[in-house]
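**Student:** There's a structure below that I have some questions on.
The values are calculated or read from the model by the stated rules, or taken from the named source; none is laboratory data. Values in this document were obtained by computation on a predicted structure and should not be read as measured data. So basically every Cβ, Gly included, is an ideal-geometry build from the backbone, and we count neighbours across all protein chains shown.
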Amino acid sequence: MTTGKKGFTLIELLVVISIIALLLAILMPALGKVKEKAAMVVCASNQHQLVLGLILYTNDDATGKLPPSPSRLSSTNYHRPTALNWNLNQFGLVANTSSPNYHYAGKYLGTYLPDVGVFNCKVAPIKNDSPWPPVGSRYSPEGTYGEFYRTGGYASLHSSYMLLWNYQGYNHSESIAVDKNYRDFIAPRKISSRNSLVVQDSLFYLTANYANLIWNSPSAAWYSSHRFSDSSKSLPYYVKVGTQTEVLKKAKLNAGYMDGHVESFKSEDSVLVKNFGASARLAPKFR
């Protein structure tokens, strides 16, 4: 006499599926947090390498000076500190990359930081061989991201970090349109400067969708390298429409200092600075 094989009943299958669904619901938030922490670690590593590149540059400079700001337009005028390349309000291919007034980042740091990836948080979909301007933007590609970092051949070239060395855009004594109702940020110029904050994750406000921001992105909005409450993804940033003065909560960001260390801070603890109708928030420890 043979005994037939007994299969699972429909109720048993439904119970198993329900248990699996419940376990996934419990595990997914935890996995999301692990992924977010991993991204923060990679981001901090990038900023640490960037700071080491700056230190190597200053070691080769007899006076210990940091390189010029890539965002400098004139003696008293500065573009946002998120650009690796910016060329006197011109947009597109740069005819004269050897101009003494054109301070693209690769001109000074390309030897020390050949991998342009150190200028971007892991969340940014920008790599060395990425077409630039990127596919999906408002402009056709003219070359690659890494190529333009090394040669300065295209402006603007975005970074998802704020590059703050020699940046005078929030300095009350030097910038022509800084709002003195907000904190004064005096950028470090030498390795021995009192203020040592040189790089941090982006956290800035745009009053309009400027042409140099080549993605179609909202105006009157905050932009950040990392996700914050009620934000949406607008490559290569997270974005939230709101007011310039509001406090953005639940974002963890990294900041790098000239002594080589990188530390994280909360967006709600950041310091508001403002200039040219646009705002930014800097790591609280910039003194």
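**Student:** Between ASN46, ASN59, ASN77, which is of a type in the set (S, T, N, Q) and at pLDDT below 90?
**Tutor:** The match here is ASN77.
**Student:** Please verify whether SER229 is closer than 24 Å to TYR139 by Cβ, part of a loop (DSSP other than H, G, I, E, B) and of a type outside the set (A, V, I, L, M), treating the condition exactly as stated.
**Tutor:** No: the conditions fail for SER229.
**Student:** So GLU142 clears everything in (1) farther than 23 Å from THR97 by Cα; (2) touching a residue at least 24 places away in the same chain (Cβ under 8 Å); (3) of a type in the set (Asp, Glu) except one condition, right? Which one?
**Tutor:** So the condition that GLU142 fails would be (1).
**Student:** Restricting to segment 175-191, name every residue that is assigned to a loop (DSSP other than H, G, I, E, B), more than 17 Å from LEU163 (Cα to Cα) and of a type outside the set (Lys, Arg).
**Tutor:** Of everything in segment 175-191, those that are assigned to a loop (DSSP other than H, G, I, E, B), more than 17 Å from LEU163 (Cα to Cα) and of a type outside the set (Lys, Arg) turn out to be ILE176, ALA177, ASP179, ASN181, TYR182.
**Student:** To continue, here is another question. Counting only residues that are under 18 Å from ASN46 (Cα atoms) and touching a residue at least 24 places away in the same chain (Cβ under 8 Å), how many does segment 116-137 have?
**Tutor:** Residues meeting the conditions: 11.
**Student:** The conditions are (1) part of a loop (DSSP other than H, G, I, E, B); (2) surrounded by 21 or more Cβ atoms within 10 Å (Cβ to Cβ); (3) touching a helix residue (DSSP H, G or I) at 6+ places or on another chain (Cβ under 9 Å), and ASP129 fails exactly one of them. Which is it?
**Tutor:** Of the numbered conditions (1) part of a loop (DSSP other than H, G, I, E, B); (2) surrounded by 21 or more Cβ atoms within 10 Å (Cβ to Cβ); (3) touching a helix residue (DSSP H, G or I) at 6+ places or on another chain (Cβ under 9 Å), the odd one out for ASP129 is (2).
**Student:** How many residues does segment 65-102 hold that are surrounded by 15 or more Cβ atoms within 10 Å (Cβ to Cβ) and at positive phi?
**Tutor:** Final tally of qualifying residues: 0.
**Student:** Within segment 132-149, take every residue that is in contact with a strand residue (DSSP E or B) (Cβ under 7 Å, 6 or more places away or on another chain) and part of a loop (DSSP other than H, G, I, E, B) and give me the one that is modelled with the lowest pLDDT.
**Tutor:** Within segment 132-149, the match that is modelled with the lowest pLDDT is PRO141.
**Student:** A further question on this structure: Among TYR182, TYR149, which is the only one that is within 11 Å of ASN275 (Cβ to Cβ), touching a residue at least 12 places away in the same chain (Cβ under 8 Å) and not hydrophobic (A, V, I, L, M, F, W, C)?
**Tutor:** Residue meeting the stated conditions: TYR182.
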